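The values are calculated or read from the model by the stated rules, or taken from the named source; none is laboratory data. These numbers were taken from a predicted model, which means no experiment stands behind them. Positions of Cβ are generated from backbone atoms using ideal geometry, with glycine treated the same way; all protein chains shown enter the neighbour counts.
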Amino acid sequence: MAVHTEEMAVGQESNWQLAMPLIELQAKTVKMQRIAGRQIAFFNSEHGIRACDNRCPHEGYPLSEGSLSADCILTCNWHNWKFDLDNGENLFGGDRLRTYPVELRDNNIWVDLTDPPYQQNYDLTVASLRDAFDDYSYDRIAREIARLLQLGADPLDVLRLAIDWSWQKMEFGWTHAYAGMADWLLLYQEHAGDTESQLICLSEAVAHVAYDVQREKDYGYGSETTSYDEPALLAAIENEDETGALAILRGGMLAGMHFDDFEAVLTRAALARGARRGGFGAPVAIAAARLYLRFARRQDPRVSCLP
């Protein structure tokens, strides 16, 4: 009879647990066992013995009461989610199902409950959160954030990721959802010790950003860079040369300048245009000022001006 095994990370200790005698699974085809505080579903499939979390990652329906096809596809009978028991993949792009390696030893079934290394778990969960973010799937966003927190990840990671996945989809690299993050963070801190309320705060903050950029394409930012020169920056703004102005600002930021270093010159440019034209309609100056917010979020190791 075939069994399901997976390669373990080098140097990682295994956590093999006795599940049951083989005859018990042969008699029932599927059986749920509680092992080391976990509910594990075992299936005697045509591909061999398979083991997975008993609770569906969607809304917790017991998968031991699901339907298993001849090609080892497990269907949750509550909402029709389908999983490949060979690898845990969701056939319709939702949450993955945790599967476990099994072995037969002297007609007994053993299961390996070893958790994957932290970084592997983190990367998989972040990738799943990105899918949920792009789909604006609120409930899945909340579940993936909860999984990251359960791993022990920095709670602020989810806000950083949301910004990194969204700024390039907006002309000025900004949304009111970013400002809202500050309020959600205050509420998060006020609810210290209340994990459910804190999860709501993080989920609301991330979901607001996801909603604002849903189905938006990446904005066509330029990448030109010019050494910082204040008179040249003022001239570029005056001539409404956005590409040139942004290139000069990039050069300044790569040289280690911060927003405070640019604020005075940008203010002068905006006031000068306003005084000559009877108003403060200075779109190029405003766009240049906001460049800092979008450019500094690029994952460019040369930029050291992040606050």
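All of Glu190, Glu240 fail the test of being more than 22 Å from Ala132 (Cβ to Cβ) and either at pLDDT 95 or above or under 33 Å from the mean Cα position of the chain (by Cα) (or both), apart from Glu190. State yes or no: is Tyr100 within 30 Å of Asn44 (Cβ to Cβ), surrounded by 16 or more Cβ atoms within 10 Å (Cβ to Cβ) and of a type in the set (Phe, Trp, Tyr)? Against the criterion (within 30 Å of Asn44 (Cβ to Cβ), surrounded by 16 or more Cβ atoms within 10 Å (Cβ to Cβ) and of a type in the set (Phe, Trp, Tyr)), Tyr100 qualifies.
Of all residue pairs spaced 6 or more apart or on separate chains, those with beta-carbon atoms under 9 Å, a first member in region 174-196 that is over 13 Å from Ala207 (Cα atoms) and a second member that is exposed (fewer than 15 other Cβ atoms within 10 Å of the Cβ) are Leu185/Leu156; Leu187/Ser197; Tyr188/Ser197; Glu190/Ser197; His191/Ser197.
Asp183 meets the conditions (1) within 16 Å of the chain's Cα centre (by Cα); (2) at pLDDT 95 or above in every case but one. The failed one is (1).
Every test in (1) under 30 Å from Asp134 (Cβ atoms); (2) surrounded by fewer than 15 Cβ atoms within 10 Å (Cβ to Cβ); (3) among the charged types (D, E, K, R) is passed by Asp84 save one, and that test is (2). Selection of region 203-220 for residues being outside any loop (DSSP other than H, G, I, E, B) and either in contact with a Pro (Cβ under 6 Å, 6 or more places away or on another chain) or charged (D, E, K, R) (or both) yields Glu204, Asp212.
The selection criterion, being under 30 Å from Arg130 (Cα atoms) and either modelled with pLDDT under 90 or loosely packed, with under 15 Cβ neighbours inside 10 Å (or both), does not hold for Ser227. Would you mind stating whether Glu196 is in a helix (DSSP H, G or I), among the charged types (D, E, K, R) and crowded, with 17+ Cβ neighbours inside 10 Å? No, not satisfied. Asn108 fulfils the conditions (1) surrounded by 17 or more Cβ atoms within 10 Å (Cβ to Cβ); (2) modelled with pLDDT of 95 or more; (3) not charged (D, E, K, R) except for a single criterion, (1).
Conditions tested, residue by residue: (1) of a type in the set (D, E, K, R); (2) within 17 Å of Phe262 (Cα to Cα); (3) surrounded by fewer than 18 Cβ atoms within 10 Å (Cβ to Cβ); (4) in contact with a Phe, Trp or Tyr (Cβ under 6 Å, 6 or more places away or on another chain).
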| site | (1), (2), (3), (4) |
| --- | --- |
| Leu202 | no, no, no, no |
| Arg215 | yes, no, yes, no |
| Asp218 | yes, no, yes, no |
| Ser223 | no, no, yes, no |
| Ile237 | no, yes, no, no |
| Glu240 | yes, no, yes, no |
